[in-house]
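Chemist: Handing you a structure now.
The values are calculated or read from the model by the stated rules, or taken from the named source; none is laboratory data. Note that the structure is a prediction, hence the values are computed from the model and not measured. Cβ: placed from backbone, ideal geometry, glycine included. Neighbour counts: every protein chain shown. To get the accessible areas, we keep the full protein, side chains included, count just its heavy atoms, and leave off ligands, DNA and RNA. Shrake-Rupley method; radii C 1.70, N 1.55, O 1.52, S 1.80 Å.
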Amino acid sequence: MSERYDVVVIGGGVVGAAIARELSRFRLRIALLERQAEVGFGTSKTNSGIIHPGHDTSPATLKGRLVVRGNALYDRLAAELHFGFRRIGQLNVALEPADLEVLQRLKAQGDAKGVPGLELWDRARLRREEPNLSRELWGALHAPSAGVINPYELVFALVESAERNGVALAVDCPVTALAADGDGLAVHTPRGVFRGRFVLNCAGVESDRVAALAGAQTFTITPRKGEEYMLDKRLEGLVRRLVFPVPSPKTKGTLIIPTFDGTIMVGPTAEDVEDRDDVATTARGAAAVFAFVRRLCPSIDPRDAITAFAGLRAVADGNDFVIGPTSVRGFVHVAGIQSPGLTAAPAIAEHVRDLLAAEGLALVAKPDFEPGVRAPARFAHLAPEVQEALAARDPRFARVVCRCELVTEAEIDDAVDHGARTLDGLKFRTRAGMGRCQGGFCTPRAMEILARRLGVPLHAVTKRGGGSWIALPMGAEQEA
Amino acid sequence: MLGRMEGDYDVVVVGGGPAGLAAAIGARDAGAARVLVVDREDEAGGILLQCIHAGFGLHYFQEELTGPEYAERFVARALDRDIDVVCSAYVSGAGLDSDGTRRVRVMREGHGIRTARSRAMVLAMGCRERTRGAVHIPGTRPAGVLTAGLAQRFVNVMGLLPGRRVAILGSGDIGLIMARRLTLEGCEVVGVFELMPFSNGLTRNVVQCLRDFGIPLHLSTTVVEIHGRDRVEKITVAPVGADLAPDLARRWQVPCDTLLLSIGLVPENELSQALGVELDVVTQGPRVSSTLETSLPGVFACGNVLHVHDLCDYVTEEALLAGRFAGELAGGVKRPRDNIRVVPGDNVRYCVPHTLAPGREHTVYLRCQRPLRPAAIRVGDLVRRKLGFVTPAEMITFRIKPDVLDRFHGEARRIDLLGEPAGAHLAGAEP
């Protein structure tokens, strides 16, 4: 296969997805390539899911400039794409008296950058607003524009919107070579050659390697691992807002995150690692996270952890985003997108759009661009009468697949219709398997539906593609 | 009748496993004319349907049956009694009306969502397995880490193998049964690793499923890391000290492609909680009276939703009783309320039921906190009886005669499990 495109986007994480979707507003031929089985399965899936207000990053940096704009774009994006998003506000708390000065400096920086509603709280106000936090805290800076989202839902919705507006998605499609090709580049993959006038390097933790393939490696990525620990639902309501310490140069610190779904998450750690596959949680990481968050909120206990995961931030040397054209004609970096990359992603997409226009890409708006996608059916959230009407109309709504999260067969089917190809893809789209039994009961049913819909045998169903097989066929006769 | 759900009921039973089926039969035999069992699976019988090994019914039927055979007998008995059984039906809500009517909202493929009303309700939803999150194993999150029960379903129902080279964390009964099952299917079971210094499964399973097959059981040992990106490649295990903390200096690696978890069971009480039933923080099941009635009048509980049992026969025995009391209540029978609180004492993790009444015989189920051999059970100053040995894996069934409590006046009685001096005569009820 060899196809010609105006823009080939390498990387189906939130950055690549946001750019592909932004460019799909125009009369362009666009391809989005993802090396994994589904989009958003890399850094995006393991993100903390915070939409930062932006007061804690210096306007002298690119990330510091894009974050505030990105934050502001989220209301419209959520209205169009129906991913979970709520502005719950953020507190940076002072653990030491000296931190109070830092909070004042952050407020001044944020005010200057146009971060809305920043307010310094004294100890009494902080205790009144968040009574479960440590009584040793000295005060806090409140940023009401901070929000929480389910990051994987954002990526799925961005890609769906992009596909709906003509973007060609290719998964299981790692880039093996990049070569000059006329006035553009040829992107070689196991799924064919994608020829593009512009090729965007949105490859996350792999972006320096992709840059090297193009002969345009101007930076090195050092993955910075973050471990997160999800706490039992029992603790819902422990804090109402995101709780941050004052930031250090390397990290925004270890946080208490009331997620969009209401559960409390604590983390992340920040540890530079060598191995780009190292998403292992560690006993040391757990100890560090809990030791720290107990200073913020003493009643949090490691025994409350119900699950843990780790992700890798794509940190470029220089510690800022690396966005711009390279010495290789048509090859554009959108790399080093570390925190606050998720927040900045919609602004990065606008920035890259303008940059490509400046590079000579003609942007002709499509009159039929459709900004919205349909909200995924969430049976559990519907009113009883609506549930009854749906179940009466479509029997699949009366068949429960995941009992813990009350996910019906109709929703599983819908997720497959929208690109789910793996058990994790189903899980992150529908919540099937995210509940108390962690898939103990629904895995067989989910496997059966996936196998039937994909037209493959049960043993071909995977957790997340690649070598993540779930089960083997019993007996040799089924091998054939 | 199979598949029928119409009109109002005397008793509605949520869950069609061994507990639910026996409760329905108990209710019917106590005079309830209209009894409904609602089950979420495609066939009634519960987890028994995937337990194709023998060993069920030794106490209840004095016969050795497989799980599906045991289930089949109860389904047949229920249908013979004209009990309504609906499958592929999920109870998505329940409530109590002020006039005492109990309601369950049933989602059922092909029938939409309907509400069934009854005079009494029995909760029999069973339990689920604890997962990786409950034990905090550091490492990656590859495919190939699954509960023993899911592996059992793969092998016995779906015709799939969970892997080729299998390690098992925890020595719960399902893990032990699966060690044998997978060995018979040609998998290599490299070892069972148990955090505690004693097995969490029945002694007979340790003997018949591990020892007879030469599968090593590593006590006081746990998994400290899982390795592998897409699929499990190996695990690191380490011995633990008396404080259960791993001694990493003595850790070693075990190559395997699968890690089964058999680390305990948790009653499935989400529906009970939504109803407002009061739970015991230790059993994680409802607090019940001597008639197995929960804190909500007319709502009963039995089987693994009440507390986790180790033998199905005991579930049946308890559920027949719960059903009987539910049926009697639906028929208007009144009885004096309990007035004796049972307090778990020394080396007693929990007792069920939570209260008793004089004038009736009672069966009290309890578990100890640590093994004792020999042991004795003491109920305040009323009874003291010798037991052979006690271990947390094996539930203790203790019957209290009516006359014992008749002599008692007061509000609470403590139950203790005591060590007997070494060499004491082994007598009394074998647990």
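Chemist: Any idea how far the Cα center of the range B:111-169 sits from the one of the range B:1-63, in Å?
Modeler: 20
Chemist: Lone cysteines in chain A, going by a 4.7 Å Cβ-Cβ cut-off?
Modeler: A:C173, A:C202, A:C297, A:C404, A:C437
Chemist: Let me ask something else about it. Among B:G303, B:G55, B:G20, determine the one that fluctuates most according to a GNM of chain B built with springs between C-alpha atoms less than 10 Å apart.
Modeler: B:G55
Chemist: Using the Karplus curve 6.51 cos²θ - 1.76 cosθ + 1.60 with θ = phi - 60°, work out ³J(HN,Hα) for each residue of the range B:91-103 in order, rounded to whole Hz, and write x for Gly and Pro.
Modeler: 7, 9, x, 8, x, 10, 8, 5, 7, x, 6, 9, 10
Chemist: Roughly to the nearest percent, how much of the accessible area of chain A is carbon and sulfur, given a 1.4 Å probe? Intermediate values should be presented prior to the final figure.
Modeler: Details: 9320 of 18160 Å².
Of all accessible area on chain A, carbon and sulfur atoms account for 51 percent.
Chemist: Run the numbers for A:R128 and A:A177: contour at 0.36 nm per residue of separation, minus the present Cα-Cα distance, in nm.
Modeler: Details: separation 49, 0.36 × 49 = 17.64 nm, distance 5.83 nm.
This chain segment gains 11.8 nm when fully extended.
Chemist: Right, next: With unit charges on the beta carbons (Lys and Arg positive, Asp and Glu negative) and the dipole taken about the Cα centre of chain B, which residue among B:S290, B:M107, B:V86 sits farthest to the positive side?
Modeler: So the residue furthest toward the plus end is B:S290.
Chemist: Counting heavy atoms of the protein chains only and a 1.4 Å probe, report the per residue accessible area for the range B:13-61 as a whole number of Å².
Modeler: Value for the range B:13-61: 31 Å² per residue.
Chemist: By per-residue mean of other Cβ atoms within 10 Å, what is the highest-first order of B:166-179, A:55-68, A:285-298? Provide the component values of the computation, followed by the final result.
Modeler: Details: B:166-179: 27.8, A:55-68: 20.7, A:285-298: 18.4.
Final packing ranking: B:166-179, A:55-68, A:285-298.
Chemist: OK, next. With viscosity set to 0.692 mPa s at 37 °C, what whole-number translational diffusion coefficient in µm²/s follows for the range A:96-238 from Stokes-Einstein and a Kirkwood radius over Cα pairs? All intermediate terms of the calculation are to be shown ahead of the outcome.
Modeler: Details: Rh = 20.5 Å.
Taking Rh from Cα pairs, D becomes 160 µm²/s.
Chemist: Please compute, for peptide A:393-403, the average count of beta-carbon atoms on other protein chains lying within 10 Å of each residue's beta-carbon. Mind dumping the intermediate values first?
Modeler: Details: counts 1, 1, 6, 1, 4, 13, 8, 9, 1, 0, 9.
For this peptide, the per-residue mean of nearby foreign Cβ atoms is 5.
Chemist: Treating only the Cβ of Lys, Arg, Asp and Glu as charged (+1, +1, -1, -1), what charge dipole size does the range B:278-423 show about its Cα centre? Round to the nearest 20 debye.
Modeler: Details: 20 positive and 18 negative charges, 70 e Å.
Using Cβ point charges on Lys, Arg, Asp and Glu, the range B:278-423 gives about 340 debye.
Chemist: Over the range A:350-465, how many percent of alpha carbon pairs lie in each 10 Å bin up to the one with the longest distance?
Modeler: Per 10 Å bin, starting at 0, the Cα pair percentages come out as 13, 35, 23, 15, 13, 2.
Chemist: Here's something else I'd like to know. Is the C-alpha gyration tensor of the range A:118-189 telling us rounded, prolate or oblate? Criteria: a/c under 1.5 is rounded; beyond that, a/b larger than b/c is prolate, otherwise oblate. Can you show the working numbers first?
Modeler: On the way: a/c = 4.03, a/b = 3.18, b/c = 1.27.
Prolate, because a/c is 1.5 or more and a/b exceeds b/c.
Chemist: Tally Lys/Arg at +1 and Asp/Glu at -1 over every other residue whose Cβ is under 12 Å from the Cβ of B:E63; what's the total? Walk me through the numbers on the way to the answer.
Modeler: On the way: positive: B:R73; negative: B:E64, B:E69, B:D313.
Result for the local shell: -2.
Chemist: What distance in nm separates the two pseudo spin-label positions at B:S98 and A:E385, each 7 Å out from Cα along the beta-carbon direction?
Modeler: 2.2
Chemist: Using a 1.4 Å probe, what is the accessible area per residue for the range A:174-325, in Å²? Please list the in-between numbers first.
Modeler: Numbers: 5770 Å² over 152 residues.
Here the per-residue accessible area is 38 Å².
Chemist: Another question about this same structure. At a 10 angstrom cut-off on C-beta neighbours, averaged per residue, how do the peptides A:362-372, A:391-401 rank from highest to lowest? Spell out each step's value before the answer.
Modeler: Working: A:362-372: 10.9, A:391-401: 20.9.
Averaged packing, sorted descending, gives the order A:391-401, A:362-372.
Chemist: Cross-link candidates for A:K233: which lysines have Cα within less than 19 Å, leaving aside residues fewer than 8 places away along the same chain?
Modeler: Partners found: A:K427.
Chemist: In the range B:107-197, if the dipole is taken from +1 on Lys/Arg beta carbons and -1 on Asp/Glu beta carbons about the Cα centre, which of B:A148, B:S118, B:L176 is farthest to the positive end?
Modeler: So the residue we want is B:S118.
Chemist: Further, regarding this structure: Give a residue-ordered list of calculated ³J(HN,Hα) values for the range A:196-206 (Karplus: 6.51 cos²θ - 1.76 cosθ + 1.60, θ = phi - 60°; whole Hz; x for Gly, Pro).
Modeler: Those phi angles translate into x, 5, 10, 10, 9, 8, 10, 8, x, 5, 9 Hz.
Chemist: Taking each residue in A:282-290, count the Cβ atoms of any other chain within 10 Å of its Cβ, then average. What number comes out?
Modeler: Details: counts 3, 8, 1, 1, 2, 0, 0, 0, 0.
The mean count of partner-chain Cβ atoms within 10 Å per residue comes to 2.
Chemist: If you don't mind, there's one more thing I want to ask. With each run of n ≥ 4 DSSP H residues scored as -39500 (n - 2.57), what mean residue ellipticity at 222 nm is computed for chain A after dividing by its residue count and rounding to the nearest 500 deg cm²/dmol? Write out the running numbers ahead of the final one.
Modeler: Values: 12 runs with 145 residues, N = 480.
So the calculated ellipticity at 222 nm is -9500 deg cm²/dmol.
Chemist: When the Cα centres of the range A:191-216 and the range B:329-387 are compared, how far apart do they sit, in Å?
Modeler: Here the answer is 70 Å between Cα centres.
Chemist: Could I ask something else about it? For the range A:30-55 and the range A:99-145, what is the separation of their Cα centres, given in Å?
Modeler: For the range A:30-55 versus the range A:99-145, the Cα centre distance is 29 Å.
Chemist: Please list, in chain and number order, the residues 5+ apart from B:R414 or on another chain whose amide H is under 5 Å from its amide H, with Hs placed from the backbone.
Modeler: Placed amide hydrogens put B:V343, B:G380 under 5 Å from B:R414.
Chemist: Also, quick follow-up: Which residue, B:G303, B:L248, B:H59, has the largest displacement toward the positive end of the dipole of chain B when charges sit on each Cβ (Lys, Arg +1; Asp, Glu -1)?
Modeler: B:L248
Chemist: If you don't mind, another one. Please check the range B:221-238 for residues whose accessible area, probe 1.4 Å, is lower by 40 Å² or more when all protein chains are in place than in their chain alone.
Modeler: B:R229, B:D230, B:R231
Chemist: If you build the Cα gyration tensor of the protein assembly as shown and take the root of 5 times each eigenvalue, what three semi-axes come out, in whole angstrom, biggest first? Intermediate results must be reported in sequence, preceding the final value.
Modeler: Details: eigenvalues 558, 181, 160 Å².
The equivalent ellipsoid of the protein assembly as shown has semi-axes of 53, 30, 28 Å.
Chemist: Around B:R81, under 9 Å between beta carbons, what's the net of Lys plus Arg minus Asp minus Glu among the other residues? Numbers along the way, then the final one.
Modeler: Numbers: positive: B:R28, B:R77; negative: B:D29, B:D80, B:D82.
Result for the neighbourhood of B:R81: -1.
Chemist: Within a 10 angstrom radius of each residue's Cβ in A:230-240, how many Cβ atoms of other chains show up on average? Whole number is fine. Write out the running numbers ahead of the final one.
Modeler: Details: counts 1, 0, 2, 0, 0, 0, 0, 0, 0, 0, 0.
Partner-chain Cβ atoms within 10 Å, mean over residues of A:230-240: 0.
Chemist: With the Cα gyration tensor of chain A giving a ≥ b ≥ c as the square roots of its eigenvalues, does the rule (a/c under 1.5 for rounded; else a/b larger than b/c for prolate; else oblate) give rounded, prolate or oblate? Before the final figure, lay out the partial values.
Modeler: Details: a/c = 1.61, a/b = 1.12, b/c = 1.43.
Oblate shape, in that a/c is at least 1.5 and b/c is the bigger or equal ratio.
Chemist: Report the FRET efficiency, 1/(1 + (r/R0)^6), for A:L363 and A:K250, where r is their Cβ-Cβ distance and R0 is 41 Å, rounded to 0.05. Could the numbers behind the result be given before it?
Modeler: On the way: r = 38 Å, r/R0 = 0.92.
Computed FRET efficiency for A:L363 and A:K250: 0.60.
Chemist: Measure off 7 Å from each Cα along the Cα-to-Cβ vector at B:A33 and A:Q104, then give the distance between these two points in nanometres to one decimal.
Modeler: 8.3
Chemist: May I ask you to compute the full-extension gain from B:A245 to B:F408, defined as 0.36 nm times their residue separation minus their alpha-carbon distance, rounded to one decimal in nm?
Modeler: On the way: separation 163, 0.36 × 163 = 58.68 nm, distance 4.50 nm.
Working it through step by step, the gained length comes to 54.2 nm.
Chemist: Only Lys, Arg, Asp and Glu count, each charged at its Cβ (+1, +1, -1, -1), so figure out the dipole size of the protein assembly as shown about its Cα centre, rounded to 20 debye. Numbers along the way, then the final one.
Modeler: Values: 109 positive and 109 negative charges, 222 e Å.
I would put it at about 1060 debye.
Chemist: Also: About its Cα centre, what dipole magnitude does the range B:1-76 give when the only charges are +1 on Lys and Arg Cβ and -1 on Asp and Glu Cβ, stated in debye to the nearest 20? Before the final figure, lay out each step's value.
Modeler: Details: 5 positive and 12 negative charges, 33 e Å.
Using Cβ point charges on Lys, Arg, Asp and Glu, the range B:1-76 gives about 160 debye.
Chemist: How charged is the neighbourhood of B:M196? Take every other residue with its Cβ under 15 Å from the Cβ of B:M196, and add Lys/Arg as +1 and Asp/Glu as -1. Don't skip to the end; give the middle numbers.
Modeler: Working: positive: B:R130, B:R349, B:R367, B:R370; negative: B:D173, B:E194, B:D243, B:E394.
Around B:M196, the surrounding residues sum to 0.
Chemist: GluC sites (Glu not before Pro), restricted to the range B:191-291: which are DSSP loop and have at most 13 other Cβ atoms within 10 Å? Display every interim value, and only then the final one.
Modeler: Working: sites: B:E194, B:E225, B:E233, B:E268, B:E270, B:E278; in loops: B:E194, B:E233, B:E268, B:E278.
Sparse-neighbourhood loop GluC sites (Glu not before Pro): B:E278.
Chemist: Let me ask something else. Report the gain in length on full extension from A:D272 to A:S327: 0.36 nm times residue separation, minus Cα-Cα distance, nm rounded to one decimal.
Modeler: Values: separation 55, 0.36 × 55 = 19.80 nm, distance 2.88 nm.
Gain on stretching A:D272 to A:S327: 16.9 nm.
Chemist: Taking θ as phi - 60°, what are the ³J(HN,Hα) couplings along the range A:344-352 by the Karplus curve (6.51, -1.76, 1.60), each to the nearest whole Hz, with x for Gly and Pro?
Modeler: 6, 3, x, 6, 4, 4, 5, 4, 5
Chemist: Then there is this: Counting only protein heavy atoms and rolling a 1.4 Å probe, how much accessible area do B and A lose on contact, total for both sides, in Å² to 100? Walk me through the numbers before you get to the answer.
Modeler: Details: alone 18920 and 20110 Å², together 35090 Å².
Between B and A, the summed buried area is about 3900 Å².
Chemist: Going through the cross-link list A:K225/A:K250; A:K225/B:K234; A:K107/A:K252; A:K45/A:K107; A:K225/A:K252; A:K63/A:K252, which pairs have a Cα-Cα distance over 19 Å in this structure? Could you put the intermediate results ahead of the total?
Modeler: Numbers: A:K225/A:K250 12 Å; A:K225/B:K234 22 Å; A:K107/A:K252 15 Å; A:K45/A:K107 31 Å; A:K225/A:K252 13 Å; A:K63/A:K252 14 Å.
Listed pairs above 19 Å: A:K225/B:K234; A:K45/A:K107.
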